[in-house]
Structure formats: C-alpha cells, structure tokens
1. Against the conditions (1) surrounded by fewer than 16 Cβ atoms within 10 Å (Cβ to Cβ); (2) modelled with pLDDT of 95 or more, where does Asn85 fall short? Just the number, please.
2. Mind checking which pairs have a first residue in the stretch 58-74 that is over 7 Å from Phe209 (Cα atoms) and among the polar types (S, T, N, Q) and a second that is assigned to a loop (DSSP other than H, G, I, E, B) and more than 7 Å from the ligand (Cβ to nearest atom), Cβ under 7 Å, 6 or more apart or different chains?
3. Taking only pairs six or more apart or across chains, which ones have beta-carbon atoms under 7 Å, a first residue in the stretch 259-287 that is within 11 Å of Ile358 (Cα to Cα), and a second residue that is of a type in the set (D, E, K, R) and surrounded by 14 or more Cβ atoms within 10 Å (Cβ to Cβ)?
4. Of the residues that sit in the stretch 281-291 and are among the aliphatic types (A, V, I, L, M) and surrounded by fewer than 21 Cβ atoms within 10 Å (Cβ to Cβ), which one is farthest from Gly340 (Cα to Cα)?
5. Residues to consider are Glu71, Glu26; find the one that is of a type outside the set (Val, Ile, Thr), more than 16 Å from the ligand (Cβ to nearest atom) and not assigned by TED's automatic domain parsing to the domain that holds Phe355.
6. Within the stretch 118-156, take every residue that is among the charged types (D, E, K, R) and not in a loop (DSSP other than H, G, I, E, B) and give me the one that is farthest from Leu84 (Cα to Cα).
7. Which fully enclosed strands (runs of 3 or more DSSP E) of the stretch 157-270 have 3 or more residues being assigned by TED's automatic domain parsing to the domain that holds Thr66 and either in contact with a His (Cβ under 7 Å, 6 or more places away or on another chain) or surrounded by fewer than 24 Cβ atoms within 10 Å (Cβ to Cβ) (or both)?
8. Residue under question is Val350, and the condition is that it be at pLDDT 95 or above and part of a helix (DSSP H, G or I); does it hold?
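The values are calculated or read from the model by the stated rules, or taken from the named source; none is laboratory data. No experiment lies behind these values; they were computed from the predicted model shown. Cβ coordinates were reconstructed from backbone atoms using ideal geometry, including for glycine residues, and neighbour counts include every protein chain displayed.
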Amino acid sequence: MIYFDNAASTPVFDSVSEHMYLLQKEVFGNPSALHAFGRKARVEVERARALIAKKMNVQPAEIFFTSGGTEANNAILWGCAKDLNRKVFITSPTEHPCVLNTLESICKSLPVEVQFVDIDNMGQIDMSHLEFLLKNNKNAVVSLMHANNETGVLLPMNEVAPLCKENGALFHSDIVQTAGKYNLDFQSLGFDFAAVSAHKFHGPKGVGFMYVRSGSFFKPFITGGMQERKMRAGTENVVGISGMGKALYFALENMNDTIAYVSSIKERLLNLLKTEIPGAFVNGSPMEKSLYSLVNISLPKTYNSEMLLAKLDIEGIAVSTGSACNSGSGKGSHVLTAIGADPERPSVRVSFSRFNTIEEVDRFAEVLKGIGV
Ligand code: PLP
C-alpha cells in the first residue's frame, strides 16, 4: 500500500502512539481536580503547552487547546466578530471550508462584511489588491492560510503581516498545513491568531490549538467550566494534548533533513511527470512557492475523472482527486475553480511525509501512466 494522502491526515508516530497508550492507562485523573491524580494530568497538559509555546516562540498563556483546526478557526473568527468588534473580514476564495463557511455564518448573524482578495492562476494572492482592500477597510481582520491544503501554495507571510499591521488589521492564519512541517517562529511571522491541528504532523486526531496573541483575547467560544483560562470550557483531552506535544517535538526534530528528503521525493515526481505523462502539469505554484510535501497534478482530459481514484485504490495507492467545478454545478473543488483550472481536466493531489520513499513515487508514476493509456 502506498499512502500519498498526508495532507488529509498522517500516520501517528510510533513513539507518540506508545506514549498515548501508557498515558491513557496511567493518567486518568481530571486535570481540574486538586488531588494527586488530577495534578498528574494537569502536569501533562501544561508540559505540552510549555513545549508548544517554546517551539513556536510564544508565551504558554497564548496557546489554547481545541478539538482541532476547525474549532480553532471557528473560535478565532467568531471571537474577532463578536468580542473584538471587527466589521470587515478579508479572506481568499481558496481558504479551507471551515474558514469560508464560518465567515458565511458570521455574516448571517452579525453586521459583518467579507471581502475576497483576488488570486492569480498560480494560486498566489494579489498583494496590490490586498493593500487596496486594507487601505479601504481600516481595522479589518485578514484571514489567509499559510499553505493551501489542495495546491500547497504558500502565502508570503513576510509581506502580508506588515501590511496588516500598517492598516490596523488583525491577522489570522490557518497554519494547519505548515505547523510541524517548518520551524515556525510566531513572533517573526507576525500574525495575531493561528489555527493548528495535530493529525497533520503525525499526532492524534481530534486535538489542536489556537494561538491568540495576548491583548487580543476574546470571550469563550464554548462556555462551561474554567478550563483553558475560561477561553474554552470542557475537560481537557489530556492524552491527545500530550500526544500532540510529543508529535510536534518529533516532527520538528531534524527539520532540515526532513525538508530535504521530502522535497527530493516531490522533485522526483515532478521530473517523472515531465517524461512519463505528457500534457500533465502542476496546479498552483512552482516548488519554491509551495509546500515541499504536496503536489497537485492536472492530468490530460483523456484521464477519466470518476475512475481515477478507484483505479489507483485498486493498485493500493491512496491519493486525493478532484477537478474544478463545472459552471453552475457547485460540485468539485472550490480551490481549483478559483485558480481557473479547466473543469474537464481531472486533478490528483499527492501529499507526502517522511515515511514515503522514492520507490513509491516511481511505482505511482508507472501506475498513473498506465491508467492514462
Ligand atoms: N484547515 C486546513 C488548511 C486543513 O487542511 C484542515 C484539515 O483538512 C483543517 C483546517 C481542519 O482541521 P481539523 O481536521 O483538525 O478540524
């Protein structure tokens, strides 16, 4: 079996699984309880918070645990609208549905407006349009993802963050696809909020965190007890939180080697595409402007879009497939549609991790070539 769907979810590190198994058995107290069992659980939660904060170069008090990226994005966007009183949100049409659908819901219940920044057919945002929107909407909230989950296109953070600051905008970034894949220093990246999910970096599912810069705290999104300093009520997922901390630690260890290794796998695939699949090309941006672990391939029209996933699956290869929406159909990928991809051409998203090999890429290219003839 070949697993090339790491942008959807990643296999959990063995060491993290083992750690979680033991914790599940041994540390079962409620972290809010004051006795020894509770205190033991509290130590695990706070140890994970301290580790994450250190890795991201922020204060532990700025990290709030959530059930994952979706909840973090929801909490941040609702918080900005309800409690920080922001009236204009600037985002892009290629954001994850948990940002786009949340903004749509917010607009239905609050006097808030959403403006979309233009993007080009490489998936890059139009910086001059962003500047125009920011200048005409002072004190907005900008919500732009660090790497797109379908194309891997990277946001030029170093340009966006200062522009937001200059115009009094709060900057939120969904960094679900880059956390654990790069050494990210939140201070120098310059955003006010970020959403992270553990299962994208070999951690468990159902756990993540939000970063909220101190000074921009909002009211609880989930009300109840006093957990997470009243920002997110509910007994903490001790095992998941601790597993996430460990996974982040291991993911960031030898980061440069991982980046070099996984990039070489991606490069291999790009080279094979040129020689083996005439007419195929990359949806999105070139290597240096996209995530090193993801490539979205536009295939010639001769490939049958419906059969592609099934045929690869029969061969034991797991990828994600899609195509742009046909006009009016509303189906298909909103990301590929937004970058102007041809709806007649099927696309395949191949996403790698450190556990993939060059041999797997060679096998994939061979199978893909066979499907097209
Ligand atoms: N944001 C992006 C960019 C994602 O890729 C995903 C997951 O696919 C999410 C948010 C949602 O994260 P979670 O699965 O933790 O809710």
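1. (2)
2. Gln59/Ser214; Ser67/Gly206; Ser67/Val207; Asn74/Phe221
3. From the stretch 259-287, the pairs are Tyr261/Arg354; Val262/Arg354.
4. First, pick out the residues of the stretch 281-291 that are among the aliphatic types (A, V, I, L, M): 282, 287, 291.
Next cut, surrounded by fewer than 21 Cβ atoms within 10 Å (Cβ to Cβ) only: 282, 287.
Details: Val282: 13, Met287: 20 Å.
Per the stated criteria, the residue is Met287.
5. Glu26
6. Of the residues in the stretch 118-156, the ones among the charged types (D, E, K, R) are 118, 120, 126, 131, 135, 138, 150.
From the residues that got through so far, the ones that are not in a loop (DSSP other than H, G, I, E, B) too are 131, 135.
Values: Glu131: 22, Lys135: 20 Å.
Top of the filtered list is Glu131.
7. Values: elements: 170-174, 193-197, 208-212.
Fully inside the stretch 157-270 and qualifying: 170-174.
8. Working: at pLDDT 95 or above: yes; part of a helix (DSSP H, G or I): no.
Against the criterion (at pLDDT 95 or above and part of a helix (DSSP H, G or I)), Val350 does not qualify.
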